[in-house]
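> What follows is a structure written as structure tokens; I'll ask about it next.
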Amino acid sequence: MDDGAVDRYLDRIGANRPMRADADALAELQLRHLRSVPFENLSIHLGEPIVLQEAALVDKLVERRRGGFCYELNGAFAALLSALGYRVTLLAASVHTPDGLGPPFDHLALRVDTGTGTTGSWLVDVGFGSFSHHPLRLDSRTDQPDPAASFRITPAADGDLEVTRDGEPQYRLEPRPRRLADFEPTCWWHQTSPASHFTRSVVCSRLTDDGRVTLRDRSLVETTRSGRHERILSDDAEVLDAYRARFGIDLDRLPSPRSGSGGGR
């Protein structure tokens with residue numbers, strides 16, 4: 001990613017170029033990304049192909065002002081962090097569901113290593129929907145308080161790591177380095193399979209200063225310190241306006257849950 005693309009990406013998330021690739025700057029970048037770039041699976045329901053290549057991912061998030069699901073959000077964020085001087089490793093995870101542990105490569109998360117200030121290895125994830133606001137220490141085995149919840153990373157079978165939120169398993173992380181291309185088969189499955197929850201409903205969600213806003217099909221939910229507020233949007237024009245006003249996404253037609261292609265968590 002060249003300097004111009006880095007500057008445009010930073011502008012997209014409302015961040016300044018950090019002076020150093022340290023832990024404090026990493027935490028700031030992650031929080032700003034979560035508040036600016038929505039987790040969404042609109043491409044699946046608009047018939048848009050999802051291309052797991054760095055340039056295509058950055059173009060979608062930065063130039064087209066869209067969001068995406070884990071492969072897209074963390075894939076693009078990895079490119080930005082690498083360009084800023086962080087050491088970034090793509091990691092595969094299997095997500096815990098009510099039916100059990102999901103398939104390999106079900107989720108893409110990031111290991112980010114910092115070499116100045118608070119050094120160490122961090123779990124960074126801007127693509128899991130509602131998750132930690134700040135990076136989590138990969139080498140810590142105790143509770144890690146976060147504005148979202150209390151997280152813990154513990155050893156699992158075969159050298160994997162279990163990531164829990166308030167004691168509830170979220171996903172099982174493999175420490176082995178991966179490439180974007182490794183995630184293509186499962187990404188395709190999530191775009192096309194009736195068994196994938198991404199093909200069953202349309203979702204767009206973003207962290208806000210005091211909570212979260214989520215549009216799921218026609219249901220607009222805002223969660224703030226004062227509570228949870230839900231409203232059913234009455235017509236197509238109101239839904240399109242909500243995408244534009246709440247997420248900065250300008251669509252010329254509504255995504256349809258049965259139109260077929262792309263992803264979100």
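> Are any residues in segment 162-188 more than 22 Å from residue 130 (Cβ to Cβ) and part of a loop (DSSP other than H, G, I, E, B), and if so, which ones?
Result: 174, 175, 176, 177, 179.
> Please find, within segment 193-239, the residue that is surrounded by the fewest Cβ atoms within 10 Å (Cβ to Cβ) out of those that are of a type in the set (A, V, I, L, M), outside any strand (DSSP E or B) and under 22 Å from the mean Cα position of the chain (by Cα). Please lay out each step first, then the result.
Pass one, segment 193-239, residues of a type in the set (A, V, I, L, M): 195, 202-203, 207, 213, 215, 220-221, 232-233, 237, 239.
So of that shortlist, the ones also outside any strand (DSSP E or B) come out as 195, 202, 233, 237, 239.
Among the residues that remain, those that are also under 22 Å from the mean Cα position of the chain (by Cα) are: 195, 202.
Numbers: 195: 10, 202: 23.
Among them, the one singled out is 195.
> Of all residues in segment 63-72, which are more than 15 Å from residue 95 (Cβ to Cβ) and either open to solvent by less than 10 Å² (accessible area, probe 1.4 Å) or hydroxyl-bearing (Ser, Thr, Tyr) (or both)?
Within segment 63-72, 67, 68, 72 qualify.
> While we're looking at this one, here's another question. Just name the residue that is surrounded by the fewest Cβ atoms within 10 Å (Cβ to Cβ) out of those in segment 1-25 that are in a loop (DSSP other than H, G, I, E, B) and acidic (Asp, Glu). Walk me through how you get there before you give the answer.
Just the residues of segment 1-25 that are in a loop (DSSP other than H, G, I, E, B), to begin with: 1-2, 13-22.
With acidic (Asp, Glu) added as a condition, the list becomes 2, 22.
Values: 2: 7, 22: 17.
Checked segment 1-25; the qualifying residue surrounded by the fewest Cβ atoms within 10 Å (Cβ to Cβ) is 2.
> Check segment 159-180 and report whether any residue there is of a type in the set (S, T, N, Q) and more than 29 Å from residue 58 (Cα to Cα). So that I can check it myself, show each step before the final result.
Within segment 159-180, the first condition is being of a type in the set (S, T, N, Q), and the residues that meet it are 164, 170.
Going one step further and asking which of them are more than 29 Å from residue 58 (Cα to Cα), we end up with 164.
Scanning segment 159-180 turns up at least one residue that is of a type in the set (S, T, N, Q) and more than 29 Å from residue 58 (Cα to Cα).
> Testing residue 255 on (1) open to solvent by less than 60 Å² (accessible area, probe 1.4 Å); (2) assigned to a loop (DSSP other than H, G, I, E, B); (3) in contact with a strand residue (DSSP E or B) (Cβ under 7 Å, 6 or more places away or on another chain); (4) not β-branched (Val, Ile, Thr), one condition comes back false. Which one is that?
(3)
The values are calculated or read from the model by the stated rules, or taken from the named source; none is laboratory data. This is a predicted model, so every value here is computed, not measured. Ideal geometry is used to build each Cβ from the backbone, glycine not excepted, and the neighbour counts take in all protein chains shown. Side chains included, ligands, DNA and RNA excluded: accessible areas come from the protein's heavy atoms. Shrake-Rupley method; radii C 1.70, N 1.55, O 1.52, S 1.80 Å.
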